[in-house]
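Remarks on the structure that follows.
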Amino acid sequence: MVPIDLTGKNCLITGGTRGIGAAISLALAHAGASTAAVYRADGTAANMSLEARRACGGDHRNYRTDISKSTQVTALADLAGRHFDGRLHALILNAGIGMHNPIAETSDADWHRVMDTNLTSAFFLVRAFRPLLQPGGSVVAIASGAGHDGLPGLAAYGASKAGLILFTHAIAQDLGPDGIRANVVSPGFIDTEFSGRRADDERRQRIAAGNALRRVGVPNDVAGAVLFFVSDLATFITGQTIRVNGGVV
Ligand code: NDP
């Protein structure tokens, strides 16, 4: 096994305090990176995540920011940029919200909330952090199986994730000449608070039976793929998507 050493690397993870994002932040901290985790409201989860990362040693912090607001993202880039001495090596676009609604029951506000949080935020974040990203650095976006396949009740959510996938593949072309990579990790069902609200034990069993590995995913399954993309194991890989779904067919 090739060890992944991210000592001296600065990483910012949106939604990095809970669920999949907390596992990503902790995996990066374990590999030696300095981490900045962004959250919207849940200070208790943010403190727990920070404590776990600080136990790894190194420099870790949290920022409370609503990434769907352009002005807040600009302020975040200014603050985090000063803390990181103007150098960022990995920008992980993980924060997202779900919405499961038949289209007839989807209000204008629902549509905009999902798009603003899951897609428009990626534009705000990449634009604001672009000047800080270092050659050899990378952007990793967390999409979803719903961004590849049309699933019932997931038109708005799926469209936001399909947009995120294309956005990331396109910025790989824009950032590549400066030595910056951009890739997508696209999870299937992963057991978190986000997914748990809609999954009782019976549904979990059905989901497990529907993939080749016959189990539901856990946040660390996603974190492993992110770590790979961020690391020097992936220096010639950009504009790609890895699906982390246990082999759903
Ligand atoms: P969780 O709901 O467990 O965590 C979401 C995180 O995002 C929290 O830290 C939350 O902050 C933060 N967040 C949400 N909105 C904003 C905002 N406007 N500004 C800043 N931070 C925000 O979600 P998961 O860990 O399950 O999901 C993470 C990502 O993975 C999402 O993009 C999701 O779409 C995707 N995904 C998840 C799957 C799953 O089965 N779990 C499957 C496929 C994709 P706070 O704690 O303060 O609310």
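The values are calculated or read from the model by the stated rules, or taken from the named source; none is laboratory data. The structure presented is a predicted model; accordingly, all values stated were derived computationally and were not measured. Here the Cβ positions follow ideal geometry from the backbone for every residue, glycine too, while neighbour counts run over all protein chains shown. Please note that ligands, DNA and RNA were not included when accessible areas were found on the heavy atoms of the full protein model with its side chains. Shrake-Rupley method; radii C 1.70, N 1.55, O 1.52, S 1.80 Å.
Average accessible surface for segment 190-249: 62 Å² per residue, computed with a 1.4 Å probe over protein heavy atoms with every protein chain in place.
Quick one: grab the alpha carbon gyration tensor of segment 115-249, order the square roots of its eigenvalues as a ≥ b ≥ c, and give me rounded if a/c is under 1.5, else prolate or oblate depending on whether a/b is larger than b/c.
Numbers: a/c = 2.39, a/b = 1.67, b/c = 1.43.
Prolate.
Counting only other residues whose beta carbon sits under 13 Å from that of Leu213, what net charge do I get with K and R as +1, D and E as -1? Please list the in-between numbers first.
Working: positive: Arg214, Arg215, Arg243; negative: Asp221.
My count for the surroundings of Leu213 gives +2.
Of the heavy-atom accessible surface of segment 72-118 (probe 1.4 angstrom), what whole percent is carbon and sulfur?
Working: 1230 of 2350 Å².
Answer for segment 72-118 is 53 percent, counting heavy atoms of protein chains only.
Normalised by the number of residues in segment 1-96, the mean separation of alpha-carbon contacts (under 8 Å, six or more apart) gives a relative contact order of 34 percent.
Which value, in debye to the nearest 20, describes the size of the charge dipole of segment 194-249 about its Cα centre when Lys and Arg Cβ atoms bear +1, Asp and Glu Cβ atoms bear -1, and nothing else is charged?
Values: 8 positive and 5 negative charges, 55 e Å.
That gives segment 194-249 a dipole magnitude of about 260 debye.
Give the Kirkwood hydrodynamic radius (Å, one decimal) of the chain, defined as one over the mean of 1/r across all pairs of different Cα atoms. Intermediate values should be presented prior to the final figure.
Working: mean 1/r = 0.0553 Å⁻¹.
By the Kirkwood definition, the hydrodynamic radius is 18.1 Å.
With the charge dipole of segment 15-167 set up from +1 on Lys and Arg Cβ and -1 on Asp and Glu Cβ about the Cα centre, the Cα lying farthest toward the positive end among the listed residues Ile97, Gln134, Val38 is that of Gln134. Probing with 1.4 Å while keeping every protein chain in the model, the per residue accessible area of segment 1-111 equals 48 Å². Please report the antiparallel percentage of DSSP beta bridges with both residues in the chain, rounded to the nearest 5. Here the antiparallel bridges make up roughly 5 percent for the chain. How much net charge surrounds Leu227 when only the other residues with a Cβ under 12 Å from the Cβ of Leu227 are counted, with Lys and Arg +1 and Asp and Glu -1? That sum, taken over residues with Cβ under 12 Å, equals -2.
Only protein atoms count toward the accessible area here, which uses a 1.4 Å probe; on segment 1-41, the carbon and sulfur part of that area reaches 57 percent. Which one of Ser107, His148, Val244 is farthest out on the positive end of the charge dipole of the chain, using unit charges on Cβ (Lys, Arg +1; Asp, Glu -1) and the Cα centre as origin? Checking the options against the dipole of the chain, the answer is Val244.
Within the accessible surface of segment 143-187, defined with a 1.4 Å probe on protein heavy atoms only, the carbon and sulfur portion equals 60 percent. Across segment 154-249, the relative contact order, built from alpha-carbon pairs under 8 Å that are at least six residues apart, equals 39 percent.
In the chain, the longest principal axis of the Cα atoms and the axis of helix 19-30 are about 30 degrees apart.
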